[in-house]
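Accompanying notes for the structure given below.
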Amino acid sequence: MQWLDDVFGVQKPVIAMLHLDALPGDPSFDTAAGMRAVVDNARRDLDALQSGGVDAVMFSNEFSLPYLTKTEPITATAMARVIGELLDEVRVPFGVNVLWDGVASIDLAAATGAKFVREIFTGAYGSDFGLWNTNVGQAARHRRRVHADNVRLLFNVVPEATAYLGDRDLADITRSTVFNAKPDALVVSGLTAGAPTDTSALSTVKNNAGDVPVFVNTGMRVETAEAQLSIADGAVVGTAFKKDGVFENRADSERVEKLMAVVKNFRQS
C-alpha cells in the first residue's frame, strides 16, 4: 500500500467528493447561469473542503443524472475547464471521475494531472442505466497509450444501483478482480451516493483483497467513521460534507471539520 503514502501522506486518507453542477449536455444544466456558475460553485466547494481539512478531493460530474455508461465528449471537456480554472487553488492531491466512463476518466486525469481515478472497470451488470458492460483490458491499454501509467485506478467492486449479472459471490469477485485486473484500490458502495456502505460487504472485500487497499465509498458519517475506518484503508466522502447532510446541497466547512476531527483522532488512537 506504499502508493497511498506516496499520494496522500496520511493513514486512512479521506477523499472528499467535489460534485460539479450539471454540465452542458446534461438534462439539468442551467443554461442561463452557464459554465461560469459551475466554476464558481466548484470554487466555493473546494474552499470549504480544503479549509475543513480533507486529505484529497475528487472532481465528479455527480449531477449529470441520469448517467451515461459512455459519456459524450462535452462532459469531460467541461470538467477539464472547471479543473483548469481551479488548478492553482488546489492544495491537496486530486482525482477525477467521469460518471460512468472509465476511459473518459483516464483521459481527464491525463489532461489535468489528477493522481487517481475512481470508476467501474470490471464486471457486467443490470442497472438503472440499462445493461452495463465493461472492458477492463481496453481501459488498461488506453491508460498506457495516453501515458497515464502513474494515474491510480480505484475500482468500484460493488457499484451503486446495480446487480452483478450472474450468481457470483462477493469474495470470489474480489479475488478474481485483484488477480485479473490488478486494481490500485477497490471501493465498496451502498445503493446510491450518500447511502450507507454495508459493513459486512466492506469486510468481505477487505478480507479477500490481499495487499490491495479498500475504501468505503458511500455513506460514511461522523457516527460511523471509526467503525468503518477500522476495516477500510480510507474513505470517499461526499454527502456527509454537505449542508445538513443533503446530497443536493453545497459543501459545509463546519461539517467537514467535524468529520475530519473524528478521522484524525482515530488515526492517533
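Checking the cross-link filter: which lysines have an alpha carbon closer than 20 Å to that of Lys243, excluding same-chain neighbours under 8 positions apart?
Straight-distance partners of Lys243: Lys258.
For the chain, which whole percent of the accessible surface, found with a 1.4 angstrom probe, sits on carbon and sulfur atoms?
Values: 5810 of 11710 Å².
That share works out to 50 percent.
Among [x] 6, 29, 36, 21, 8, 1; [y] 7, 32, 40, 19, 2, 0; [z] 6, 27, 33, 24, 9, 1, 0, only one was calculated for this model; which label is it, if the read-out is P(r) over Cα pairs in 10 Å bins from 0, in percent?
Calculated P(r) over Cα pairs in 10 Å bins from 0, in percent: the matching label is [y].
Need one number: nm distance between label points at Glu223 and Thr31, each 7 Å from Cα along Cα→Cβ, rounded to one decimal.
According to this spin-label approximation, the distance is 4.3 nm.
Please give the Cα centre distance for the stretch 231-269 versus the stretch 38-93, rounded to the nearest Å.
Each part's Cα centre sits 18 Å from the other's.
Once every Cα of the stretch 214-269 carries one equal point scatterer and solvent is ignored, give the base-10 log of I(q)/I(0) from the Debye formula at q = 0.21, 0.24, 0.26 Å⁻¹, two decimals.
Listed by q, the Debye log ratios stand at -0.73, -0.92, -1.05.
Of the DSSP beta bridges with both residues in the stretch 1-268, give the percent that are antiparallel, rounding to the nearest 5.
Working: 8 of 35 bridges.
Roughly 25 percent of the DSSP beta bridges within the stretch 1-268 come out antiparallel.
Could you tell me the relative contact order of the stretch 1-268? Use alpha-carbon pairs under 8 Å, at least six residues apart, and round to a whole percent. Mind dumping the intermediate values first?
Numbers: 540 pairs, mean separation 48.2, N = 268.
This gives 18 percent for the stretch 1-268.
Could you please report the charge total around Gly95, scoring K, R as +1 and D, E as -1 over all other residues with beta-carbon less than 9 angstrom from its beta-carbon?
Working: positive: Lys115, Arg118, Arg152; negative: none.
Taking every other residue near Gly95 into account, the sum is +3.
Near Leu191, within a Cβ-to-Cβ distance under 12 Å, what is the net charge of the other residues, with Lys and Arg +1 and Asp and Glu -1? Intermediate values should be presented prior to the final figure.
Values: positive: none; negative: Asp128, Glu160, Asp198.
Residues close to Leu191 contribute a combined charge of -3.
Tell me, what is the per residue accessible area of the chain in Å², probe radius 1.4 Å?
On the way: 11710 Å² over 269 residues.
Computed with neighbouring chains in place, this is 44 Å² per residue.
Could you work out how far apart the two model spin labels at Glu257 and Leu87 are, taking each label as a point 7 Å from the Cα in the direction of the beta carbon, and quote it in nm?
Once both label points are built, they end up 3.2 nm from each other.
Which length gain, in nm to one decimal place, applies between Phe247 and Gln138 when the Cα-Cα distance is subtracted from 0.36 nm times their residue separation? Numbers along the way, then the final one.
Numbers: separation 109, 0.36 × 109 = 39.24 nm, distance 3.28 nm.
Length gained, Phe247 through Gln138: 36.0 nm.
The values are calculated or read from the model by the stated rules, or taken from the named source; none is laboratory data. For clarity, every value in this text was computed on a predicted model and none was experimentally measured. Neighbour counts run over all protein chains shown; Cβ positions are idealised from the backbone, glycine included. What goes into the accessible areas is simple: the full protein's heavy atoms, side chains included, and nothing from ligands, DNA or RNA. Shrake-Rupley method; radii C 1.70, N 1.55, O 1.52, S 1.80 Å.
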